[in-house]
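**Student:** Can you read through this structure? Questions will come right after.
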Amino acid sequence: MKVLVLGSGGREHAIAWRLRQSPSVSQVYVAPGNPGCAGVAECLTLDSTTPEGFLALARRTGIDLTVVGPEAPLVDGVVDLFVSKGLLIFGPAQTAAQLEGSKIFSKRFMERAGIPTARFISTDDLSSAKEALGQFTYPVVVKADGLAAGKGVVICPDRQTAEATLDGMFSGALVGAAGAKVVIEEYLTGEEVSFIGLSDGERVLPLEPSQDHKTINENDEGPNTGGMGAYSDSRIITAEQREFIMREVMDRTVQHMKAEGTPFKGFLYAGLMMTARGPMVLEFNVRLGDPETQALLHRMDCDFGALLYEAARGQVRPELLKFKADPSVCVVLAAHGYPGKVRTGDAISGIEQAEQTGATVFHAGTKMAGGKLVTSGGRVLGVTRSGKTLQEAIDNTYRACDQISFDGMQIRRDIGRKGLKRWGPQTMKAGG
Ligand SMILES: Nc1ncnc2c1ncn2[C@@H]1O[C@H](COP(=O)(O)OP(=O)(O)O)[C@@H](O)[C@H]1O
Ligand SMILES: [Mg+2]
């Protein structure tokens, strides 16, 4: 089977890497991919990243199954187009992708379906938004309705900041058109967990839980990024929490989406806050997370291609999904200036040495220039490895990171520390 992966980041490198090891897959293509993807797959150049551009490419290459990495093509309707032309693709249709594409759609859906989430109001009018602030205490959360590449959510400590944020949203100054409508919601406290399910539209299979590290600095300080690292360990949630999330979030979402005539097929990602009131959904994404995918797929122990093929054809097969017990860690190496104005073109060295220690280095913001590998984006690499214990996985991963260098490299040294705090450094093996 020939499989095409759409996208160009660390997540897509990890998907291609895992597919390459799938017995059911004979050839992996990535469009457009990156220099790391080129090591495990054939990278295809694209005329355009529109659904039509992807379709033309898939047809020309004789692709049997297409897997979509990022959200934008899904929200643009790439799945609808492929399906209408009889091509197999794994991901949600455009209407179902609204779960991520519109925060208002998502919050209203959760309200209708009875899925636990923060109390909210939504509006497309500045003065009613300001008036609605009176119904909340501080801090309060203001969210742009549309896709905003991780820049559409502002936690406002006081009324003045909230009003200024609303001004910026509605004027377009903050996130452009994405801020023309907003959600204002109650601030929740607790630990954040990423929980991803794989759905065929009727049933949903749980992947292992993971935790992202959003801020640029250690101890969750500084501005938010796309994610500076992640780890996956079965014990991030208890068996009871897992059961609750499956019943009240995953199954409930898939059942209600089907009942409403917009069945959800694809990866359903719930960003959860583990509050004192139980797990609550902060947001849905309609694809795998980045960098959670790098850690998750590193632990995966099954034929990923076969799993996705069956799900795309309409049936998830639980017996095709398996994970290793060992926890895994992905540490992101970011470029100078990130998450602000990023400097590019810095020469990267030491990837081979890092891989010799046993780690896998996923590329995100890299490119070849004059025969040398250089930085080309904010998040440059994702160094990934597992271990018998979380402590061992962390130590293994940082040992590999220390082999790599480029000017201005930024690294958080505390990826996975939350897990260690919870379980202590002498942790038992996951699942043990
Ligand atoms: N209701 C909330 N209470 C507390 N923090 C929140 C809330 N909603 C979002 N956040 C914080 O903001 C981050 C981004 O919000 P999210 O809804 O995931 O939007 P996006 O990923 O599209 O930027 C979350 O990871 C979380 O840290
Ligand atoms: Mg999020």
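The values are calculated or read from the model by the stated rules, or taken from the named source; none is laboratory data. A quick note: this is a predicted structure, and the numbers were derived from the prediction, not measured. Methodologically, a virtual Cβ is constructed for each residue, glycine included, from the backbone with ideal geometry; neighbour enumeration extends over all protein chains shown.
**Student:** Counting only residues that are part of a helix (DSSP H, G or I) and β-branched (Val, Ile, Thr), which one in the stretch 224-250 is nearest to Leu420 (Cα to Cα)? So that I can check it myself, show each step before the final result.
**Tutor:** Restricting attention to the stretch 224-250, the residues satisfying the condition of being part of a helix (DSSP H, G or I) are 234-236, 239-250.
So of that shortlist, the ones also β-branched (Val, Ile, Thr) come out as 236, 245, 249.
On the way: Ile236: 10, Ile245: 23, Val249: 27 Å.
Filtering the stretch 224-250 for residues that are part of a helix (DSSP H, G or I) and β-branched (Val, Ile, Thr), the one nearest to Leu420 (Cα to Cα) comes out as Ile236.
**Student:** Residues Val75, Val30, Val40, Val25: which one is outside the structural domain of Gly305 (by TED's automatic domain parsing), surrounded by 24 or more Cβ atoms within 10 Å (Cβ to Cβ) and touching a helix residue (DSSP H, G or I) at 6+ places or on another chain (Cβ under 8 Å)? Write out each step before concluding.
**Tutor:** On the way: Val75 fails: surrounded by 24 or more Cβ atoms within 10 Å (Cβ to Cβ); Val40 fails: surrounded by 24 or more Cβ atoms within 10 Å (Cβ to Cβ); Val25 fails: surrounded by 24 or more Cβ atoms within 10 Å (Cβ to Cβ).
The match here is Val30.
**Student:** Scanning the stretch 213-223 for residues that are within 15 Å of ligand 2 (Cβ to nearest atom) and not in a loop (DSSP other than H, G, I, E, B), which turns out nearest to Ile155 (Cα to Cα)?
**Tutor:** The first filter runs over the stretch 213-223 and keeps only residues within 15 Å of ligand 2 (Cβ to nearest atom), leaving 213-215, 220, 223.
Applying the additional criterion that residues be not in a loop (DSSP other than H, G, I, E, B) yields 215, 223.
On the way: Thr215: 13, Pro223: 11 Å.
Selected residue: Pro223.
**Student:** While we're looking at this one, here's another question. Which residues, counting only those in the stretch 254-270, are surrounded by fewer than 17 Cβ atoms within 10 Å (Cβ to Cβ) and closer than 16 Å to Lys107 by Cα?
**Tutor:** Glu260
**Student:** Let me ask another. Starting from the stretch 130-154, keep only residues that are under 15 Å from Gly226 (Cα atoms), then list their pairs with residues that are more than 8 Å from ligand 1 (Cβ to nearest atom) and hydroxyl-bearing (Ser, Thr, Tyr) whose Cβ atoms are within a distance under 6 Å, requiring at least 6 positions of separation or different chains.
**Tutor:** Val154/Thr165
**Student:** If you check Met228, Met250, Met257, which single one turns out to be aliphatic (A, V, I, L, M) and either within 16 Å of ligand 2 (Cβ to nearest atom) or touching an Asp or Glu at 6+ places or on another chain (Cβ under 9 Å) (or both)?
**Tutor:** Values: Met250 fails: either within 16 Å of ligand 2 (Cβ to nearest atom) or touching an Asp or Glu at 6+ places or on another chain (Cβ under 9 Å) (or both); Met257 fails: either within 16 Å of ligand 2 (Cβ to nearest atom) or touching an Asp or Glu at 6+ places or on another chain (Cβ under 9 Å) (or both).
One residue alone meets the criteria, Met228.
**Student:** Let me ask something else. If a residue has to be touching a residue at least 12 places away in the same chain (Cβ under 8 Å) and part of a loop (DSSP other than H, G, I, E, B) to count, how many in the stretch 30-63 make the cut? Before you say what the answer is, go through the steps one by one.
**Tutor:** Going residue by residue through the stretch 30-63, those that are touching a residue at least 12 places away in the same chain (Cβ under 8 Å) are 30-37, 40-46, 49-52, 54-55, 57-59, 61-63.
Subset that is part of a loop (DSSP other than H, G, I, E, B): 33-36, 40-41, 44-46, 49-50, 62-63.
Qualifying residue count, the stretch 30-63: 13.
**Student:** Go through the residues of the stretch 318-339 one by one and say whether even a single one is assigned by TED's automatic domain parsing to the domain that holds Ile394, crowded, with 18+ Cβ neighbours inside 10 Å, under 26 Å from Ser22 (Cβ atoms) and of a type in the set (Phe, Trp, Tyr).
**Tutor:** yes
**Student:** Checking the conditions here, which among Gly358, Gly345 is in the same structural domain as Asp212 (by TED's automatic domain parsing), surrounded by fewer than 19 Cβ atoms within 10 Å (Cβ to Cβ) and within 15 Å of Thr397 (Cβ to Cβ)?
**Tutor:** Working: Gly345 fails: within 15 Å of Thr397 (Cβ to Cβ).
Sole residue among the options that is in the same structural domain as Asp212 (by TED's automatic domain parsing), surrounded by fewer than 19 Cβ atoms within 10 Å (Cβ to Cβ) and within 15 Å of Thr397 (Cβ to Cβ): Gly358.
**Student:** Only one of these is modelled with pLDDT under 95 and touching a His at 6+ places or on another chain (Cβ under 9 Å): Lys429, Lys418. Name it. Write out each step before concluding.
**Tutor:** On the way: Lys429 fails: touching a His at 6+ places or on another chain (Cβ under 9 Å).
On inspection, the qualifying residue turns out to be Lys418.
**Student:** Ok, one more. Looking only at the stretch 188-212, count every residue that is out of contact with any Lys or Arg (no Cβ under 7 Å at 6 or more places or on another chain), of a type outside the set (Asp, Glu), within 14 Å of ligand 2 (Cβ to nearest atom) and closer than 13 Å to Ile237 by Cβ and tell me the total.
**Tutor:** 5
**Student:** Residues being among the β-branched types (Val, Ile, Thr), out of contact with any helix residue (DSSP H, G or I) (no Cβ under 8 Å at 6 or more places or on another chain) and touching a residue at least 12 places away in the same chain (Cβ under 8 Å): count how many of those fall in the stretch 78-102.
**Tutor:** Kept after step one, since they are among the β-branched types (Val, Ile, Thr), are these residues of the stretch 78-102: 78-79, 83, 89, 95.
Then keep just the ones that are out of contact with any helix residue (DSSP H, G or I) (no Cβ under 8 Å at 6 or more places or on another chain); that gives 83, 95.
Going one step further and asking which of them are touching a residue at least 12 places away in the same chain (Cβ under 8 Å), we end up with 95.
Residues in the stretch 78-102 being among the β-branched types (Val, Ile, Thr), out of contact with any helix residue (DSSP H, G or I) (no Cβ under 8 Å at 6 or more places or on another chain) and touching a residue at least 12 places away in the same chain (Cβ under 8 Å): 1 in total.
**Student:** Next up: Can you name the residue in the stretch 212-233 that is small (Gly, Ala, Ser) and within 10 Å of ligand 1 (Cβ to nearest atom) and, of all such residues, is farthest from Lys341 (Cα to Cα)? Before you say what the answer is, go through the steps one by one.
**Tutor:** Here is the first cut: in the stretch 212-233, the residues small (Gly, Ala, Ser) are 222, 226-227, 229-230, 232.
Checking which are within 10 Å of ligand 1 (Cβ to nearest atom) leaves us with 226-227.
Working: Gly226: 14, Gly227: 16 Å.
Only one residue tops the list, namely Gly227.
**Student:** Restricting attention to the stretch 149-156, does a residue exist that is in contact with a helix residue (DSSP H, G or I) (Cβ under 8 Å, 6 or more places away or on another chain) and away from ligand 2 (no atom under 16 Å from the Cβ)?
**Tutor:** Step one: filter the stretch 149-156 for residues in contact with a helix residue (DSSP H, G or I) (Cβ under 8 Å, 6 or more places away or on another chain), giving 152, 154, 156.
Add one more test, that the residue is away from ligand 2 (no atom under 16 Å from the Cβ), and what stays is 156.
Looking through the stretch 149-156, at least one residue is in contact with a helix residue (DSSP H, G or I) (Cβ under 8 Å, 6 or more places away or on another chain) and away from ligand 2 (no atom under 16 Å from the Cβ).
**Student:** Let me ask you something else. Identify, please: which residue in the stretch 148-174 is buried (at least 19 other Cβ atoms within 10 Å of the Cβ) and within 10 Å of ligand 1 (Cβ to nearest atom) and is, among those, farthest from Ala270 (Cα to Cα)?
**Tutor:** Val154
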